[in-house]
Amino acid sequence: MNFRATAASAAVLLSLTSPTVASAQDAAAPASVEGVTVYDLDFFARYNPQNALDMVQQLPGFSVDGGDNRRGFAATAGNVLVDGERPSTKSNIFSYLERIAATNVERVELIRGSSSAVDMRGQSIVANVILKESAGGVSTNWRVSVDHFQQSDQLEPSGEATTSFKLGKADIRLSLERDSWAGEGKARRVRRDADGDLLFFQDEMYPGHFRALQPNVEIELKAGEKDTFHLNAGGEKWKYHERGVIRSFNSDSRPPTPAEIRFPNFDEDGWNYNAGGDWEHTFTDRFSTKLILYTEETNFDWESRQDVFNRGFVEADRVTLDGSRGESIVRGQANFALSDKHAFEFGLEGAFNFLENQLDVASDDGSGGGFVEIELPVSDTRVEEKRAEASLSYVWKPRPTVSLESVFAYEASEIAQSGEGANERRLYFAKPKFVGTWTPNDKNQFRFTVERDVSQLDFGDFATSTSITEDTTDVGNPDLEPERLWGVEGVYERKFWERGAITLTARRDFVESVEDQVPINNEFDAPGNLGDGDRWYVSMESTLPLEFLGLSGAQLDSEIRYGDSSVTDPVTGQERPFSFEERKWWYLEFRQDLPERGLTWGWDYFKGFGNRGFRLTEESQFIPGHGDFDAYVEFIRPSGMKIRFAVDNIFNTPFKRTRTFYDPTRAGMVVMREERVSRDGPRPSIRVSGTF
């Protein structure tokens, strides 16, 4: 383990045994009652927050989790609530919180363990943002930023504005965001034969440009004391294009002369919309119901083309994809609290999902005949799913320091695929879950979870995909099954001083039908299922105030994770890790707030250790280099406006990917090796934001 990460961990552990410093800081600690810690506005004052996200991100021992990217609502629960409710949208929770002005927040509650008062939905810790009662008036959050992408020498502006106001009994938020960035990948690719002799090397450049516009509206209407309505709608229109150049050389002599030049181009256009809402009716203080409706659709089309020249045109390849996907959900739930110790929630959800893809691949061999279509299996297909889920959860608090939550969910679905790869099947799964929490005092908490989880299938895996530049094809697999697991997790959390916290986690998953790459007829690769597998990890997250070192207003956040996985490889028969699974990393983030100077500065550093991927005839490994270091300084004007100067990727971290090719499969002999090293360059930026 790296020395700096070890030192940070040691500092946290030493702080837990420092009664002199702890007693001095505990006097100002937030109020805590039976697993609920209340952070009022005074706690956040030194951070000068402009929105709810700024506030939630400063909660000790808490990291925002947007939930799993799954279909439906039942399995996508994140760990942030607003006024005790989950937003009836599947949009990015970070963007949702950014649209809530800090001036509209009354307090933030951190709830640990199961609670009969809020919808935890299996989470063991959630943040609950409590908003002020609207008094009318208009407030606006705004943000403007410019990033400089050095390698492509592009300045890319972005911005967002959100206006909140009251109209009659309705609270309304309108927002418009413009996002843009420049792709600037530069890389060197080298291929050698099995003996290490050079075959060729390539210098690659992929300048690209992305533009997107995203409007959004959110409405809350309280129709009396018993009924509350939420409505939300949003959309996005985006465009991306990339114009690459690849120069290939057959010799490492100097100066080299290109043997051929490739021009990979990529163009994509797309749009989506989403709309949803909910109606909550409160019958009594202990019984309420909620109805949720939601729909979204995305349409996209792209073309990838690569032309090859060597003293004239040689050949070309072209891939086009025209696709769409959508989801519609209706969910009803009823909450009944028998008492402060017993509470039930019953949920019933139905959903319809679809994906439609038309993939066309063509090649021009340079003979003058033009492009000729290449037939690939499962390239023109439509997938539909009808899914229903019923769930019942029970929260029991046998004593103030103990809470127990039991959840039982049962899911039934029908998946039908038409066109190429036509297939139809029905799937049924039971998903029990148990969460136990013991909070012996306001400083310590133990959490234990046992769960049965079933992953949701990615509809994109049912259709064929291909990459020209990497020369890979993944065939759609209509017989793909969802991965299932039994998971066991234990968590210990310790709070110290006013702002300090440390969380230790250990988890193990016993996985069935591991989703990975499988060979098809020893010719293609496809998403598929392996046998049973095993996965585990241990982690530590901490927030360490640094006042004890004489650094006023400073804190160090850290996260360390170490784990592994194992499954039997279908090609070699040997044990190996799950494909493309990051098994270990560590992260440090330093921040110092100096409100008397109107200044905040800080830095963060992330170090990953890569992952491996396995295909029929090749093995790849991603190595992220010496780590990503970012730094910033932020000036706060008396008006509350912030001016932030930042530089990301200061050390221009190299990212290396190696590929080892075998013949006829990975069970055979090594025939070729490839190493590709890319750098994105440092990215300076300036951001100005404020509220009025």
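The values are calculated or read from the model by the stated rules, or taken from the named source; none is laboratory data. All values derive from a computational prediction rather than experimental measurement. Backbone-built Cβ (ideal geometry, glycine too); neighbour counts: all protein chains shown. We work out accessible area using only protein heavy atoms, side chains counted, and drop any ligands, DNA or RNA first. Shrake-Rupley method; radii C 1.70, N 1.55, O 1.52, S 1.80 Å.
Run through the range 530-589 and list the chymotrypsin sites (Phe, Trp or Tyr not before Pro) located in a DSSP loop whose Cβ has at most 16 other Cβ atoms within 10 Å.
Phe580
Might you tell me the accessible area per residue for the chain, computed with a 1.4 Å probe and given in Å²?
About 46 Å² of surface per residue is accessible.
For Ser418, Ser88, write out the residues from largest to smallest accessible area, computed with a 1.4 angstrom probe and no ligands counted.
In descending accessible area the options line up as Ser418, Ser88.
Determine the distance separating the Cα centre of the range 301-358 from the Cα centre of the range 372-430; give it in Å without decimals.
The distance from the Cα centre of the range 301-358 to that of the range 372-430 comes to 13 Å.
Keeping all protein chains in place and using 1.4 angstrom, which order do Phe524, Phe692 fall into by accessible surface area, from largest down?
Of Phe524, Phe692, the descending order of accessible area is Phe692, Phe524.
Would you list Ile686, Ile100 from the most to the least accessible area, probe 1.4 Å?
Most to least solvent-accessible, the answer reads Ile686, Ile100.
Ser339 versus Ile686, label points 7 Å from Cα toward the beta carbon: distance in nm?
6.4
Which longest uninterrupted range of the chain lacks any trypsin sites (Lys or Arg not before Pro) assigned by DSSP to a loop state (not H, G, I, E or B) and surrounded by at most 16 other Cβ atoms within 10 Å?
Segment 444-692 is the longest.
Expressed in nm to one decimal, what extension gain is obtained for the pair Asp534 and Trp142 from 0.36 nm per residue of sequence separation less their Cα-Cα distance?
Length difference between fully extended and current span is 136.4 nm.
If you fit an axis through the alpha-carbon atoms of helix 3-15 and take the longest principal axis of the Cα set of the chain, what angle between them do you get, 0 to 90°, nearest 10?
The answer is roughly 10 degrees.
List the pairs from Lys443/Lys642; Lys290/Lys495; Lys290/Lys433 whose alpha-carbon separation is above 31 Å, in the order I gave them.
Lys443/Lys642; Lys290/Lys495
Compute the length gained on full extension between Leu599 and Trp396: take 0.36 nm times their separation in residues and subtract their Cα-Cα distance, giving the result in nm to one decimal.
Contour length minus the Cα-Cα distance gives 68.4 nm.
Leaving out ligands, DNA and RNA, and with a 1.4 Å probe, what % of the accessible surface on the range 284-367 is carbon or sulfur?
In the range 284-367, the share of accessible area belonging to carbon and sulfur is 51 percent.
Given Cα pairs under 8 Å that are at least 6 residues apart, what percent is the relative contact order of the range 134-254?
Relative contact order, the range 134-254: 21 percent.
Please report the accessible area of Val395 (heavy atoms, 1.4 Å probe, ligands and nucleic acids excluded) in Å², nearest 10.
Accessible area of Val395: about 10 Å².
Measure off, as a whole percent, the carbon and sulfur share of the 1.4 Å-probe accessible area of the range 465-620, all protein chains present.
Roughly 48 percent, rounded to a whole number.
Could you state how much accessible area Ile636 has, in square angstrom rounded to the nearest 10, with a 1.4 Å probe and all protein chains kept in place?
That residue has around 30 Å² of solvent-accessible surface.
By how many nm would the segment from Thr472 to Asp267 grow when fully extended, if each residue of separation counts as 0.36 nm and the alpha-carbon distance is taken off?
That pair, Thr472 and Asp267, stretches by 71.9 nm at full extension.
Under 24 Å between alpha carbons, and skipping anything fewer than 8 positions from Lys237 in its own chain: which lysines qualify?
Lys90
Please identify the GluC sites (Glu not before Pro) of the range 199-254 that satisfy two criteria: DSSP loop assignment and at most 16 other Cβ atoms within 10 Å. Which are they?
Glu225
So which chymotrypsin sites (Phe, Trp or Tyr not before Pro) in the range 352-391 pass both tests, a DSSP loop state and at most 16 other Cβ atoms within 10 Å of the Cβ?
Phe371
With all protein chains present, how much of the accessible area of the range 129-255 (probe radius 1.4 Å) comes from carbon and sulfur, to the nearest whole percent?
58
Classify the chain from the C-alpha gyration tensor, please: rounded if a/c falls under 1.5, else prolate or oblate depending on whether a/b exceeds b/c.
Prolate shape, in that a/c is at least 1.5 and a/b is the bigger ratio.
Treat every Asp and Glu Cβ in the chain as -1 and every Lys and Arg Cβ as +1, leave all other atoms uncharged, and give the resulting dipole magnitude about the Cα centre to the nearest 20 debye.
Dipole of the chain, to the nearest 20 debye: 2400 debye.
To the nearest 10 square angstrom, how much accessible area does Val450 have with a 1.4 angstrom probe?
Rounded to the nearest 10, that gives 50 Å².
Name the residue farthest towards the positive end of the dipole of the range 340-492 from the options Val488, Gly350, Asn441, assuming +1 on Cβ of Lys and Arg, -1 on Cβ of Asp and Glu, about the Cα centre.
Looking along the dipole axis, the top candidate is Asn441.
Just from its helices, what would the mean residue ellipticity at 222 nm be for the chain, if runs of 4 or more DSSP H residues each count -39500 (n - 2.57) and the sum is divided by every residue, rounded to the nearest 500 deg cm²/dmol?
The helix-only estimate for the chain comes to -1500 deg cm²/dmol at 222 nm.
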